[in-house]
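Q: Can you read through this structure? Questions will come right after.
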Amino acid sequence: MGIEFRHVEKTYPDGAQAVRDISFTVPSHTTTVLLGSSGCGKTTLLRMVNRMVDPTGGQLLIDGEDIAGAEPVRLRRSIGYVMQHSGLLPHRRVIDNVATGLRLNGAARGPARSQAEELLELVGLDPALGRRYPDQLSGGQQQRVGVARGLAGDPNILLMDEPFGAVDPLVRLELQQQMKRLQTELRKTVLLVTHDIEEALSLGDQIILLRPGGEIAQAGTAQELLSAPADDFVARFLGVAQGRRRLRTSAGQDGEWVVTDAEGRPLGVVEAPPGPVHPRADPSGSVPPEDGR
Amino acid sequence: MDWILANTGRIAELTLDHAALSLPAVLAAFLLSVPLAVLANRLRPLREPIVSGTGLLYAVPSLPLFIVLPIILGTGIRDPLNAVAALTLFGMALMVRSAAEALDAVSAEVRLAAAAQGYSSWGRFWTVDLPLAGPAMLAGLRVVSVSTISLATVSAVLGVPSLGSLFTDGFQRGIMESVLAGVVMTVVMALILDLLLVLSGRLLMPWARRRA
Amino acid sequence: MNHLLEAWELLIQADTWTGPTGMGARAWEHLLYTVLAVGVSALIALPAGLAVGHFGRGRNLAVLSTGAVRALPTLGVLTLVGLVVGVGLMAPMVALIILAVPSILAGTYSGAESVDPRVVDAARAQGMSRWQILFAVQIPLGLPLIIGGIRLAVLQVVGTAMLAAYVGAGGLGAPLFLGLRTYDYPLLLAASLVVIALAVLLDIAFGTVQRTARRLMRGPA
Ligand SMILES: Nc1ncnc2c1ncn2[C@@H]1O[C@H](COP(=O)(O)OP(=O)(O)O)[C@@H](O)[C@H]1O
Ligand SMILES: [Mg+2]
């Protein structure tokens, strides 16, 4: 169940081979993150799910059914899509932008609008903003509208392409936290693309790390990737090799515990000391990333 | 074909007449438009009046302009000078806007950098603004040259000799070859001038070659 | 300047405007020619331009042919077609349509192309069909440029439609050529002034429509 990529390949008409022989599964009701630097095929893989891109090899199955036989337009209407730049229609009010998908699926104007208002509230926006035009919102607000639009029609699958990549760090953090809250409530099958390691570690139940050339470097949970990087590339990409994610604790002046990275730069303070203390004796002391911030 | 062979002398003569109408008009339109565009670019309050004002000229149809202008200038309707003046005004209607837009498009960063290096306002104009706006201005000039050469034929209905005379004569006397020869010569002249403009653009602005 | 005054006096006389060959009838004819020529051109150029803008193919061909057609002297096309089909409305219509098509075509494909590709992409991802993207996204958002192309075509056609009378059709060219042949400068000038007024009025009207479209498509600020 979920979304299954089976030996998927994509070579664009101009000869660019974007992804080669990729297999993984996005389990239902969980978040899978496609992580990798720019150009390694994340967007290509994501767009295969709603047939914005068709693979040149392999198969893609949703709940066991090959989507090659699905009608693209109908498929897209059943899947939510959120992109980096909100891509909102500038000539339609925010509320109508959110309602677009509902209208495409045949909802009448009135019900579509009231549903769209609920969605705005769900993503933390004042429904009164619905009367505005997209250009009259801040970048963060536009991005929230983008999420609301993706959720319209209550799709089982939500595709997100660097959804928080274009907003400033504070707003990004806020949006990520909201996304987590929403996901515990809605439990969509989410496939999210990012090049931001923090975002991947914080949002992904599963992380698929891609390497340049469009291959999977490693797939697993955040813990698995951090504690057992498959190779040098993974270790370097996650920053384990340079010690960015090798954390140590040491006793501070007032008896609290200070967390430092491998180079001794302090990162933060531990509130409840983790059991018996031998700070200098513990060489690795790695902690899950959520605590490491 | 026979007609054309028998009339090469006349065709050549009319081609020269045509060039004498359109080339000065293209040149004058360019030389008058650039200073106006610079003014529009440098003095913001003047921008709208200059650009919209000359743009309005474009709304004035060509044939009536050929007729109204001599009344204002005091030249005769069949005077070639009248045709040159009308064509110049037409060229300016297009050229002022495109030159002003070309200058506007020179990035503010590049200007600031040049100012920071110590260029005076005028030094910067010659060394930075004009060269960088050049390619876009050239694009505007090409449109002006093609349309001026094509438009110049209209003056023939008023009796000013040009390649358009081949149309009017041919039509009145029912000689298809005459009209065809006129069309071909007009298009060829437009193409040759366009080619010359492109080539001189490459010579004068080698930095723009990659983009073009 | 005397001629100008005489022309003005001619224009404020009621006689000048009435009758089957009066200035009023001629102006009406002129307007009809313009609407007809621009209308037919739009029927050709709008679908073609939208196809180029929507599919992003054939753009080079469109640019090249618009440029080439612009170099064609309208008077030449007019007299050439006139020689083939004889005097009447056919020749001017062909010439005016050839004149108008490039402007509308260029405006239309630039309009359709001018829409932010990310917006088109998002519309596609939402599950809009090609037709829905065209009619709900590309046409409305490209409207200011599309109208701009039509506006330019109208201006060109209004002015050039005077030549229709040269091959025996009507319009405001009729009094103009009559004045030219009979050295009746006031009549010549009067006809010219009416065309100029017509062109300026049409331009102002289209300018207003264009601004309105631009405002609507951007959303009131
Ligand atoms: N439409 C396309 N045509 C040709 N090449 C493409 C196209 N889209 C993407 N590519 C190429 O495929 C590779 C992967 O692109 P993409 O999936 O967008 O990567 P990412 O989202 O990870 O940055 C890149 O090398 C890119 O240049
Ligand atoms: Mg991408």
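The values are calculated or read from the model by the stated rules, or taken from the named source; none is laboratory data. Keep in mind the model is a prediction, meaning the values are calculated, not measured. Cβ sites come from the backbone with ideal geometry, for glycine too, and all protein chains shown count toward neighbours.
Q: If you scan region C:172-221, which residues turn out to be of a type in the set (Val, Ile, Thr) and in a helix (DSSP H, G or I)?
A: Once the filter is applied, which keeps residues that are of a type in the set (Val, Ile, Thr) and in a helix (DSSP H, G or I), region C:172-221 yields C:194, C:195, C:196, C:200, C:204, C:208, C:209, C:212.
Q: Give me the residue from region A:1-25 that is under 21 Å from the mean Cα position of the chain (by Cα) and within 11 Å of ligand 1 (Cβ to nearest atom) and, out of that set, surrounded by the most Cβ atoms within 10 Å (Cβ to Cβ).
A: A:19
Q: Cβ contacts < 6 Å: first residue over 18 Å from residue C:148 (Cα atoms), restricted to region B:43-57; second residue in a helix (DSSP H, G or I) and modelled with pLDDT of 80 or more, any location; separation 6+ or different chain. Result?
A: Filtered contacts from region B:43-57: B:46/B:39; B:46/B:40; B:47/B:40; B:50/B:36; B:50/B:40.
Q: All but one of (1) within 16 Å of ligand 1 (Cβ to nearest atom); (2) over 9 Å from the mean Cα position of the chain (by Cα) hold for residue A:174, so report the exception by its number.
A: With respect to (1) within 16 Å of ligand 1 (Cβ to nearest atom); (2) over 9 Å from the mean Cα position of the chain (by Cα), residue A:174 is out only on (1).
Q: Yes or no: region A:81-89 includes at least one residue that is within 30 Å of residue C:144 (Cβ to Cβ), more than 16 Å from ligand 2 (Cβ to nearest atom), buried (at least 23 other Cβ atoms within 10 Å of the Cβ) and among the hydrophobic types (A, V, I, L, M, F, W, C).
A: For region A:81-89, residues within 30 Å of residue C:144 (Cβ to Cβ), more than 16 Å from ligand 2 (Cβ to nearest atom), buried (at least 23 other Cβ atoms within 10 Å of the Cβ) and among the hydrophobic types (A, V, I, L, M, F, W, C): present.
Q: Can I ask one more? Out of the residues in region A:119-138 that are loosely packed, with under 15 Cβ neighbours inside 10 Å and either away from every other protein chain (no Cβ under 14 Å) or of a type in the set (Phe, Trp, Tyr) (or both), state the one that is nearest to residue A:168 (Cα to Cα).
A: The qualifying residue nearest to residue A:168 (Cα to Cα) is A:138.
Q: As an exercise: evaluate residue C:142 against (1) at pLDDT below 90; (2) within 16 Å of residue C:59 (Cβ to Cβ) and give the number of the one condition it does not meet.
A: (1)
Residues are listed down the side, and each one gets a yes or a no for (1) within 16 Å of ligand 2 (Cβ to nearest atom); (2) farther than 20 Å from residue A:120 by Cα; (3) of a type in the set (S, T, N, Q):
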site	(1), (2), (3)
A:142	no, no, yes
A:151	no, no, no
A:157	no, no, no
A:170	no, yes, no
A:174	no, no, no
A:177	no, no, yes
A:190	no, no, no
A:195	yes, yes, no
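Yes or no, residue by residue, for (1) outside any loop (DSSP other than H, G, I, E, B); (2) farther than 22 Å from residue C:168 by Cβ:
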| position | (1), (2) |
| --- | --- |
| C:19 | no, no |
| C:29 | yes, no |
| C:40 | yes, no |
| C:52 | yes, yes |
| C:97 | yes, no |
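Q: Next question. Can you pull out every residue in region A:26-65 that is within 14 Å of another protein chain (Cβ to nearest Cβ), surrounded by fewer than 20 Cβ atoms within 10 Å (Cβ to Cβ) and away from ligand 1 (no atom under 13 Å from the Cβ)?
A: Matches in region A:26-65: A:51 only.
Q: Continuing with the same structure: When residues of region C:77-125 are filtered for being closer than 21 Å to residue C:135 by Cβ and at the interface with another protein chain (Cβ under 10 Å from one of its Cβ atoms), how many remain?
A: 11
Q: Looking at C:99, C:145, which one is without any contact (Cβ under 8 Å) to a residue 40 or more places away in the chain and more than 28 Å from residue A:50 (Cβ to Cβ)?
A: Just a single option satisfies the conditions, and that option is C:145.
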